[in-house]
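A.B. asks: This is the structure I want to talk about, given as C-alpha cells.
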Amino acid sequence: MQRLLVVFIALFLTACASKPPELKHYLLAEPNFSPVSSNLSVQVALGSVRLAEFISGTGLVVETGNAEVTITRQHRWAERLDRQLERQLRQAMSQLYPNAQWVPVASAGNVNNMNYRLDLYVDAFQVSNSNAGRVRVQWFLRTMANDQLITGIVDLKTPLNGEGYATAVADLSSTWHQVLVTMAEQVQAASYQ
C-alpha cells in the first residue's frame, strides 16, 4: 500500500511540474504602400471599425466546417484586432492618398467640418476551411454636406503559403492589405460621385 502511495505521489508531482502550453501572440504586418496617382484632396473622418462578434476575441479564428469555427487558445492577437485594423486603415489611406486628410473621429473635432465619414464592418477575418485567408469588409462612406450614404463590399480569399499560425497571420495580413487597396479604390471612386 505504501509503495502504491509513493508511486501515486511521484506521478502527481511529475504532472504538477509539467510545463504549461506556451502562448504565442501575433500582430498583423504593417502596410507599406506607395501613393497612387490621384488628386484626391478631401477630408475624411475615419469612424468605427466594427468586428463580427466571433472574430472580436483574442484568439485567431479558424473555420473547421461550413458553419463551425475554432477560436485558438494558445495563438492570440497581441493587440485587439479592431485596434490593429483601425490603425492600419489610417496608415494605408494616408500612404495611398497623401493629399487627402484621414483623421480619426476622436481627433476630428467637429465631424461636420469634414467632407466624409468612413466606417467599416469586418464580417470575416479568419483562416477558411479551404486553407485560405479570408477577409470581408463592408464600408460606409457618408457625405457630411448632404448626408448621402454610399456603401461597398470587399470579400477576398487568398490561399495560405504554408503551414502554421505564423504563416496564417502573414497571409491574413497580405489579404487585409489587398482589401485595403481595393476598398481605397472604391472609396476614391465613390467620393467623386
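A.B. asks: Please arrange PHE140, PHE125 by counting, for each residue, the other beta carbons lying within 10 Å of its beta carbon, fewest first.
C.D. replies: On the way: PHE140 15, PHE125 25.
Fewest-to-most ranking of PHE140, PHE125: PHE140, PHE125.
A.B. asks: With +1 on each Lys and Arg Cβ and -1 on each Asp and Glu Cβ, how big is the dipole of the range 25-191 about its Cα centre, in debye rounded to the nearest 20? Before the final figure, lay out each step's value.
C.D. replies: Working: 12 positive and 14 negative charges, 54 e Å.
Here the size comes out at about 260 debye.
A.B. asks: Where in the range 59-143 are there GluC sites (Glu not before Pro) that are in a DSSP coil and have at most 15 other Cβ atoms within 10 angstrom of their Cβ? Kindly include the intermediate steps, with their values, before the conclusion.
C.D. replies: Working: sites: GLU63, GLU68, GLU79, GLU86; in loops: GLU79.
Answer in residue order: GLU79.
A.B. asks: Still on this model: Taking only the alpha-carbon atoms of the range 141-193, what semi-axes of the equivalent ellipsoid follow from 5 times the gyration tensor eigenvalues under a square root, in whole Å, largest first? Spell out each step's value before the answer.
C.D. replies: Numbers: eigenvalues 211, 16, 12 Å².
Equivalent ellipsoid of the range 141-193: 33, 9, 8 Å, largest first.
A.B. asks: A further question follows. Sorted by mean Cβ packing within 10 Å, highest first, what order do the peptides 49-62, 144-157 take? It would help to have the intermediate numbers written out before the result.
C.D. replies: Details: 49-62: 16.6, 144-157: 13.0.
Going by the mean number of other Cβ atoms within 10 Å, highest first, we get 49-62, 144-157.
A.B. asks: With the contact rule set at Cα under 8 Å and sequence spacing of 6 or more, what percent relative contact order holds for the chain? Don't skip to the answer; put the middle values down first.
C.D. replies: Details: 339 pairs, mean separation 42.2, N = 193.
Relative contact order, the chain: 22 percent.
A.B. asks: Once the cut-off is 27 Å, how many percent of the Cα-Cα pairs in the range 25-191 end up in the long-distance tail?
C.D. replies: Working: 3527 of 13861 pairs.
Distances greater than 27 Å cover 25 percent of the Cα pairs.
A.B. asks: Quick one: which residues, 5+ away or cross-chain, put their amide H under 5 Å from the amide H of VAL69? H built at 1.01 Å from N.
C.D. replies: THR64
A.B. asks: Another question, then. Report the charge-dipole magnitude of the range 116-193 in Debye, nearest 20, computed about the Cα centre from +1 at each Lys and Arg Cβ and -1 at each Asp and Glu Cβ.
C.D. replies: Numbers: 5 positive and 7 negative charges, 16 e Å.
Computed charge dipole of the range 116-193: roughly 80 debye.
A.B. asks: State the extension gain, in nm to one decimal, for the chain segment bounded by THR182 and ALA166, taking 0.36 nm per residue of separation less the distance between their alpha-carbons.
C.D. replies: On the way: separation 16, 0.36 × 16 = 5.76 nm, distance 2.46 nm.
Stretched fully, the THR182-ALA166 segment lengthens by 3.3 nm.
A.B. asks: Just tell me, in residue order, which DSSP H segments of the chain are both 15 angstrom or longer along the helix axis (alpha-carbon based) and at least -0.5 in mean Kyte-Doolittle hydropathy.
C.D. replies: Values: long enough: 2-17 (22 Å, 2.06); 81-96 (22 Å, -1.02); 165-191 (38 Å, 0.36).
Span-like helices in the chain: 2-17, 165-191.
Quick note: the coordinates plus some simple rules give every number you see, no bench work behind them. The structure displayed is predicted, hence computed values, not measured ones. As a convention, Cβ positions derive from the backbone with ideal geometry for all residues, glycine included, and neighbour counts pool all protein chains shown.
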